[in-house]
Amino acid sequence: MPPSKPRPWVPEHVLVTAAAAEQPHTAEVLRRVEAAGVDDVRLLTGNRLTGLTEGSERWVYARAKKTLALVVAPPSAIKPQPIPPSADWRIDLAKGCPAHCQYCYLAGSLTGPPVTRAYANLDDVLAGIGTHAGRGAVTSGTAERDHEGTTYELSCYTDPLGIEHLTGSLAEAVRRVGTGVYGDEVSLRFTTKFDAVDELVALPHGRRTRMRVSVNAEEVAGRFEGGTSPVAARIDALRRVASAGYRVGLTIAPVMPVEGWREQYAALLDAVGTALADVPDLDLTTEVITHRFTPGSREVLLGWYPRTRLEMDESVRTAKRNKFGGTKYVYPRETMAEMRGWFTDALAARLPGAPLLYWT
Ligand code: SF4
């Protein structure tokens, strides 16, 4: 049976700042927003988004998750930043995501109401691909991954496919990189929990974009990933883009040692193997990220999802400090070692030929 078709996100409110209104890409966004059936589109007279923090925490959260803002990315957001271990550089097409994952990693990195802010100055955002080509330490010049060229990760602060039907920014990036606008030695990467790939499969991608799907054990995805596409639909989307020649990948994240985790993750890997079995010239990679949280992300997530059943208990975790003095809570060493061993073996056995890029 084909996976059920989830409905793409339709924001209730779209805000366009005055500066964003002047950008050439804005007409395309507004065309898509209108096609999606959004009634409330407001052109602001200034560049600040105001009134978003008024009301109860629940209300502020709910309204923010129904709002798409079209803004101009400031210079600080445009400069590509190093993003190990995924890619050489990070490029942000947007900040924020309309989904409701109860462990959302954005909770620790973005501040304020979780409005999805799409960047209207797309030419400026993508220009960083050209200025940074040939530089970088994760793939550029490395023995293992130099064949990927200089790599740009698009999904650090958003799920680019989740809002693509409204922005068109991802398609434009894929098209430009695929047709060599920024040279022949660059490639894009993004990961997603969505499945709307109709537009992507028809693009001249030049095999220079790697789409990964973020997948998880049935229990984790079913319980904690509100507003996303079902895992089966994501895997089907991966099959479709791989069949259209894209390089693809799995982001297995955040891995949690839930009851029966071995069986659940084994079923997941088997489903992927079956879906991709007949894809010609398959280029599949894997990345595995275990669940972690920080004191800050925990506080934000408990504010957004006060009744969550997500385990964020410092007393059963191991604290790890980073060089900036921050603390993150990961699983204890024995649990990590057990999961790492299992995944290394299971990936080699069930998805042979798909290198594990990193485990963290
Ligand atoms: S899809 Fe990703 S960015 Fe969006 S809410 Fe879920 S974890 Fe956060």
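Values quoted throughout were computed directly from the atomic coordinates according to the rules given, and no laboratory measurement underlies them. Quick caveat: nothing in here was measured; it's all calculated off a predicted structure. Please note: Cβ atoms are built from the backbone with ideal geometry, for glycine as well, and neighbour counts cover all protein chains shown.
Using C-alpha pairs below 8 Å separated by at least 6 residues, the relative contact order for region 50-93 is 21 percent. Among beta bridges from DSSP that stay inside the chain, the antiparallel ones total about 25%. If the viscosity is 1.306 mPa s and the temperature 10 °C, what translational diffusion coefficient in µm²/s does Stokes-Einstein give for region 163-296 when Rh comes from Kirkwood over Cα pairs? Answer, rounded: 102 µm²/s. Extension gain for Val201-Tyr358 works out to 53.8 nm (0.36 nm per residue, less the C-alpha to C-alpha distance). Note: relative contact order over the chain, using C-alpha pairs below 8 Å and six or more positions apart, is 14 percent.
When peptides 144-151, 34-41, 310-317 are sorted by average Cβ neighbour count within 10 Å, with the highest value leading, the order is 144-151, 310-317, 34-41. Placing R0 at 30 angstrom, the Cβ-Cβ distance between Thr308 and Asp40 gives a FRET efficiency of 0.50 after rounding to 0.05. Would you kindly calculate the translational diffusion coefficient of the chain, applying Stokes-Einstein with the Kirkwood radius from alpha carbon pairs, for 4 °C and a viscosity of 1.567 mPa s, and quote it in µm² s⁻¹ without decimals? My calculation gives 62 µm²/s for D.
A Förster radius of 51 Å combined with the Cβ-Cβ distance from Arg321 to Ala349 puts the calculated FRET efficiency at roughly 0.90. Length gained on full extension, His100 to Arg333, computed as 0.36 nm times the residue gap minus the Cα-Cα distance: 80.9 nm. The slack in the chain from Arg223 to Leu282, taken as 0.36 nm per residue of separation less the alpha-carbon distance, amounts to 18.1 nm. Here the dipole of the chain is about 680 debye; that uses its Cα centre as origin and unit charges on the Cβ of Lys and Arg (positive) and Asp and Glu (negative).
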